[in-house]
Amino acid sequence: MITRSTFRVAVLAALLSPVITPRIAMAQDRSQSRSMVSSKQGVVASESVLASQVGASVLERGGNAIDAAVAMNAMMGLVAPMNDGIGGDLFAIIYEAKTGKLFGLNASGWAPKALTVEHLRAKGRTSMPARGIDAATVPGAVNGWEKLLTRFGKKRFADVLAPSIAYAEAGFPVGEVVSVYWKDSEKVLREDAATTKTFLPGGRLPQSGELFRNPELAWSYRQIASGGAAAFYKGSVAAKLLASSKTHGGTMTAADLAEFDSEWVEPISTTYRGWTVYELPPNGQGIAALEMLNIMETFPLATMGHNSAPALHHMIEAKKLAYADMQQYDGDPRFVKIPVTAMRSKSYAAERAKLVNASKATCDLSAGTPGGTDNGTTYLSAVDKEGNMISLIQSNYSTVGFGAGITVADAGFVWHNRGAGFSFDPASANVLAGRKRPLHTIIPAFMEKGDTRVAFGIMGGWNQAQAHAQFVSNIADFGMNIQGALDAPRFSKETFPGCDVNFESRIPDAVLKALAAMGHEIVMRGDYSSTRMGAGQAVMRNYTTGINSGASDPRKDGSAVSELLPVRPNTPAAAKR
């Protein structure tokens, strides 16, 4: 860790000046990792090349962006089982081209009815467990898939799950980044017999590039392909979920599963430098991204310089203010009244911005009074040639440990540990209660200006709202395209109190020294730190030209892929036509 004393400087003013000197942008000399993928056909982006290829193939077979997204999500549950899967939750924002309307889907599950603070205290708990069956809530993803396909899709479950079923049976080579997550979880994987059997085949870790099969997940996908979401919540998969819960002493009942239903919600928004930015309302942290942007907008970031000390300082302080409010007020709106309108108002942001000291970090920013009352995630997006778009995020919560660390025996997937997000504090908006949804980290996003629309997201626990704000600023303040906006070095303050903040090592030393002199406690990370900074994807469409573009974060194994034009065979018969 770099402390203040490490980088004390004599002349603070000199160090606060932007250190990035202007230069001519050239294709042969650029800071962007790769080019955007652009096409008149559909474009998809995910954290796995294989999953992106599957999404593009669904488009080529007549599916739309929503069909492609569900197919990619199913593949991600196979190829990155620690991050996501049908044992987790899902959120999505959909843009429907024919109506020009945005729709939000909250497919986050509730706590079992009997999972209460009193129940856990009786078991000797003094706080929410981070792992194990009592950290598991009802998985919402499969219900969300069905809602998406039924309302917007062209394909059936059998169509979009077929590629994942085939690869689960035949196997796939384990990705480089995924293999590291797998290794980090080895100890936890050995603590549960069903988990060891499924995810440590032959009793050892799958290595990067090694073929991994999951026929048990293929079985689960087949049940959903033939029986829909009912197979998961009421049928054969539900039976395995309930048996798993009982084995581990959990409280899940058949009614907890069968009575759950995901919810269509209205996206919430704010404006930033002429862009309209959309997030989903609580119980997610999207409200913090909007409040952070509103506070940032009160400062002239563009004139400070990209990733300069002044710009980063003001963004970090804005993050602290917005997150303090989120921690105080956010939760399940069915249980608590949340001042969403006030929290995303420009006037409230202007008041909060007055608390930012331009030359000194504040370590104890607290929640304001607005009017009114982990990392284990995958993000993907898609746009089709008709202009339908989807921003989708799905998660097991903890990467290290594969969610709750418990595999549903003979079903090929793990329980998520989203219940770890609850509080025991009776005064908290996020206090545990039966049938309540926890404060959620995962958030999809969407932004638009004129004829341009962007579906984007960046995974990574409490990193997400602050990463969204940095992505938007990269585009709106500094003129980057969506690939450059994903590539750019990021900061991430994982904690709520204190002055500690993570930086990627691509941030210049002089900037770090200036920030340290201002009181920021610098924690250095690698050049591209997916563990701390998350990783994102984005697709964009210009509705005037009809051109679609995609971008994929170099912090993960993924890519953006375009649907291919249908090609007629070059045969003598075809030539005569």
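The values are calculated or read from the model by the stated rules, or taken from the named source; none is laboratory data. Please read all numbers here as calculations on a predicted model, not as lab measurements. Here Cβ is always computed from backbone atoms with ideal geometry, including for glycine, and neighbour counts include all displayed protein chains.
If the condition is being at pLDDT 95 or above, of a type in the set (Asp, Glu) and more than 22 Å from residue 35 (Cα to Cα), then the stretch 476-509 contributes 500, 509. Among the residues of the stretch 430-441, those that are in a loop (DSSP other than H, G, I, E, B) and of a type in the set (A, V, I, L, M, F, W, C) comprise 432, 433, 439. Of the residues making up the stretch 135-154, those that are surrounded by 24 or more Cβ atoms within 10 Å (Cβ to Cβ) and more than 23 Å from residue 106 (Cβ to Cβ) number 0. Just one of the numbered conditions (1) surrounded by fewer than 21 Cβ atoms within 10 Å (Cβ to Cβ); (2) modelled with pLDDT of 95 or more is not true of residue 55: (1).
Only one entry of 410, 425, 384 meets the criterion of being touching a Leu at 6+ places or on another chain (Cβ under 7 Å) and more than 17 Å from residue 280 (Cβ to Cβ), and that entry is 384. For the stretch 57-68, enumerate the residues that are out of contact with any Gly (no Cβ under 7 Å at 6 or more places or on another chain) and assigned to a helix (DSSP H, G or I). Matches in the stretch 57-68: 57, 58, 60.
Contact map, the stretch 244-264: first residue within 19 Å of residue 407 (Cβ to Cβ), second residue modelled with pLDDT of 95 or more and β-branched (Val, Ile, Thr), Cβ cut-off under 7 Å, separation 6 or more or different chains; pairs are 244/406; 244/408; 245/133; 248/133; 248/406; 249/133; 250/133; 257/138.
Per-residue answers, yes or no, for (1) surrounded by fewer than 24 Cβ atoms within 10 Å (Cβ to Cβ); (2) outside any strand (DSSP E or B); (3) touching an Asp or Glu at 6+ places or on another chain (Cβ under 9 Å):
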position: 391; (1), (2), (3): no, no, no
position: 396; (1), (2), (3): no, no, yes
position: 404; (1), (2), (3): no, yes, yes
position: 416; (1), (2), (3): no, yes, yes
position: 420; (1), (2), (3): yes, yes, yes
position: 428; (1), (2), (3): yes, yes, no
position: 443; (1), (2), (3): no, yes, yes
position: 448; (1), (2), (3): yes, no, no
position: 453; (1), (2), (3): yes, no, no
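Selection of the stretch 315-355 for residues being among the polar types (S, T, N, Q), farther than 22 Å from residue 467 by Cβ and assigned to a helix (DSSP H, G or I) yields 341, 347. Mind checking which residues of the stretch 506-561 are in contact with a Leu (Cβ under 9 Å, 6 or more places away or on another chain) and hydroxyl-bearing (Ser, Thr, Tyr)? The one that is in contact with a Leu (Cβ under 9 Å, 6 or more places away or on another chain) and hydroxyl-bearing (Ser, Thr, Tyr): 552.
Right, residue 218: at pLDDT 95 or above, within 24 Å of residue 59 (Cβ to Cβ) and exposed (fewer than 15 other Cβ atoms within 10 Å of the Cβ) or not? So residue 218 does not fit the description; no.
Condition (residue is within 19 Å of residue 522 (Cβ to Cβ), of a type in the set (Val, Ile, Thr) and surrounded by fewer than 23 Cβ atoms within 10 Å (Cβ to Cβ)) applied to the stretch 363-371: is it met by at least one residue? No: zero hits. When residue 377 is tested against (1) surrounded by fewer than 24 Cβ atoms within 10 Å (Cβ to Cβ); (2) at pLDDT below 95; (3) not hydrophobic (A, V, I, L, M, F, W, C), only condition (1) is not met.
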